[in-house]
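Student: Please see the structure below; I have some questions.
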Amino acid sequence: MRLLTSLVTALVVVAALYGLVFERERLLEFAGVTSTPTDTPVAVAESPEVTQAVAETEPEIRRVSVVAMASEAQTIDSAVILRGRTEPLRQVDVSAEVSGKVISPPLRRGARVVAGQTLCELDPGTMKVSLAEAQARLLEAEVLATAASELADGGFGSVTRRVSAEAALEAARASVERAEDAIANLVITAPFDGVLEQDTAELGAYLSPGSPSGAHCATILQLDPIKIVGFAPEMLVDRIAVGAMAGARLADGRDVSGQVTFLSRSADETTRTFRVEVQVPNPDLNIRAGQTAQVGVTSDGAVAHLLPASALTLDDAGRLGVRHVVETDAGPEAAFAEVEIVRDTIDGVWLSGLPQTVRVIVVGQDFVTAGTPLTVTMREPDV
């Protein structure tokens with residue numbers, strides 16, 4: 001009985017499968033249902049189930065979350081800001097040219113001196129005697145030269161004797177000039193108006209050029225006008241010109257103004273910066289050498305964006321720039337823009353080379369490259 005039941009069941013299943021596979025159209029017609037061809041694209045396209053299945057099979061675009069800030073370009077004032085220090089316009093170590101003992105009282109450091117003022121006077125010793133001796137020999141040489149010339153002209157003396165006498169005369173004159181110069185150099189004077197940086201040589205000190213004790217008499221600084229020296233980086237030096245007006249703020253808050261008088265043509269080998277000198281009037285000598293200063297040199301205005309310094313990054317080629325957001329058909333993507341630093345301030349850096357309006361990535365810029373899809377969160381420009 002069980003065997004018969006199993007055979008009947010198997011036959012029913014085979015008949016059902018045969019009808020569904022081979023007689024499907026007739027069965028549907030018998031049931032009154034019109035079938036839609038399987039190759040009809042409309043049915044597939046309009047099927048929600050199929051659409052969902054296709055969407056599930058498409059690869060999901062991975063987007064990187066970043067924080068960006070909107071920035072609008074601004075025209076900044078025409079000034080190049082440098083850091084520097086004050087220096088004397090001139091500084092000279094005045095030394096003795098002849099040996100001798102100082103017989104003048106010293107001038108104390110800080111004293112003002114004028115050009116030609118005596119700083120040190122040396123004891124002449126036997127120099128005056130040497131001058132008198134040279135003058136006597138000069139007189140003798142003049143007489144001998146005159147006599148030799150008259151004898152030669154009258155045919156009673158040789159030309160050689162006349163030439164020798166004239167040579168002796170010139171040597172005697174040179175001896176007199178040398179003795180006079182030595183006596184003149186006994187008085188050491190200031191070469192220009194200035195201030196003594198240290199005391200002049202002490203009374204009784206012996207000055208001798210080339211000796212271990214030295215020949216130093218005094219050190220003079222010229223502080224009016226005074227120089228303010230700044231150091232311009234490579235990216236800013238082309239915006240500075242000799243003759244441009246400049247202002248400076250000293251460490252104590254005083255503001256002074258002057259003019260650029262020197263711009264170096266070669267960079268410092270260590271810092272790669274260029275020396276800039278600004279002369280500033282200092283009639284009261286209130287500005288001392290060695291004070292720190294912030295210098296602003298006038299130049300052409302620039303259009304730039306004020307951004308946080310942390311937004312700066314480097315691309316694969318080592319170029320300095322920022323990464324910003326661009327809109328594409330596929331959504332926001334990252335892009336790189338090379339920039340130049342116009343000015344560095346405590347509020348951020350002024351950068352040129354960007355569009356008028358730009359969304360700069362300020363968080364996450366080091367984790368994306370050009371073309372990376374983004375999920376952007378905006379923040380206020382609170383640099």
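Student: Determine whether segment 355-371 contains at least one residue that is surrounded by fewer than 19 Cβ atoms within 10 Å (Cβ to Cβ), outside any strand (DSSP E or B), β-branched (V, I, T) and in contact with a Phe, Trp or Tyr (Cβ under 9 Å, 6 or more places away or on another chain).
Tutor: Checked against the condition, which is being surrounded by fewer than 19 Cβ atoms within 10 Å (Cβ to Cβ), outside any strand (DSSP E or B), β-branched (V, I, T) and in contact with a Phe, Trp or Tyr (Cβ under 9 Å, 6 or more places away or on another chain), segment 355-371 yields at least one hit.
Student: If you take the residues of segment 210-248 that are assigned to a loop (DSSP other than H, G, I, E, B) and not small (G, A, S), which of them is surrounded by the most Cβ atoms within 10 Å (Cβ to Cβ)?
Tutor: Restricting to residues being assigned to a loop (DSSP other than H, G, I, E, B) and not small (G, A, S), the top hit is L236.
Student: Any residue at all in segment 305-316 that's of a type outside the set (K, R) and farther than 25 Å from T369 by Cβ?
Tutor: yes
Student: Would you be able to say whether some residue in segment 39-57 is modelled with pLDDT of 80 or more, more than 32 Å from the chain's Cα centre (by Cα) and either surrounded by 13 or more Cβ atoms within 10 Å (Cβ to Cβ) or in a helix (DSSP H, G or I) (or both)?
Tutor: Within segment 39-57 (the criterion being modelled with pLDDT of 80 or more, more than 32 Å from the chain's Cα centre (by Cα) and either surrounded by 13 or more Cβ atoms within 10 Å (Cβ to Cβ) or in a helix (DSSP H, G or I) (or both)), the answer is no, since none of the residues qualifies.
Student: Which residues, counting only those in segment 76-87, are surrounded by fewer than 21 Cβ atoms within 10 Å (Cβ to Cβ) and at pLDDT 85 or above?
Tutor: Within segment 76-87, I81, R83, R85, E87 qualify.
Student: Please enumerate the residues belonging to segment 271-297 that are open to solvent by 70 Å² or more (accessible area, probe 1.4 Å) and either in contact with a Lys or Arg (Cβ under 6 Å, 6 or more places away or on another chain) or of a type outside the set (D, E, K, R) (or both).
Tutor: Answer for segment 271-297, where residues must be open to solvent by 70 Å² or more (accessible area, probe 1.4 Å) and either in contact with a Lys or Arg (Cβ under 6 Å, 6 or more places away or on another chain) or of a type outside the set (D, E, K, R) (or both): T271, P281, P283, N286, T292, Q294.
Student: Starting from residues that are open to solvent by less than 20 Å² (accessible area, probe 1.4 Å) and in a loop (DSSP other than H, G, I, E, B), keep the ones in segment 183-207 and report whichever is nearest to N286 (Cα to Cα).
Tutor: Selected residue: F192.
Student: Name the single residue that is surrounded by the fewest Cβ atoms within 10 Å (Cβ to Cβ) among those in segment 339-354 being among the hydrophobic types (A, V, I, L, M, F, W, C), in a strand (DSSP E or B) and free of Cβ contacts under 8 Å to residues at least 60 places away in the same chain.
Tutor: Result: V349.
Student: Can you tell me which residue is modelled with the highest pLDDT among those in segment 62-75 that are part of a loop (DSSP other than H, G, I, E, B) and farther than 11 Å from T357 by Cα?
Tutor: For segment 62-75, the residue satisfying everything is R63.
Student: Separate question: Looking only at residues that are part of a strand (DSSP E or B) and acidic (D, E) in segment 91-148, which one is most open to solvent (accessible area, probe 1.4 Å)?
Tutor: Here the answer is D93.
Student: Which condition does T375 not pass, out of (1) modelled with pLDDT under 90; (2) touching a Ser or Thr at 6+ places or on another chain (Cβ under 8 Å); (3) hydroxyl-bearing (S, T, Y), if it passes all the others?
Tutor: (1)
Student: Let me ask something additional. Confirm whether E166 is part of a helix (DSSP H, G or I), of a type outside the set (A, V, I, L, M, F, W, C), free of Cβ contacts under 8 Å to residues at least 40 places away in the same chain and over 30 Å from T200 (Cβ atoms).
Tutor: It is true that E166 is part of a helix (DSSP H, G or I), of a type outside the set (A, V, I, L, M, F, W, C), free of Cβ contacts under 8 Å to residues at least 40 places away in the same chain and over 30 Å from T200 (Cβ atoms).
The values are calculated or read from the model by the stated rules, or taken from the named source; none is laboratory data. On a predicted model such as this, the values are computed, not experimentally measured, just so you know. With ideal geometry, Cβ positions are generated from the backbone for all residues, glycine too; neighbour counts draw on all protein chains shown. Ligands, DNA and RNA are excluded from the accessible area calculation, which covers all protein heavy atoms including side chains. Shrake-Rupley method; radii C 1.70, N 1.55, O 1.52, S 1.80 Å.
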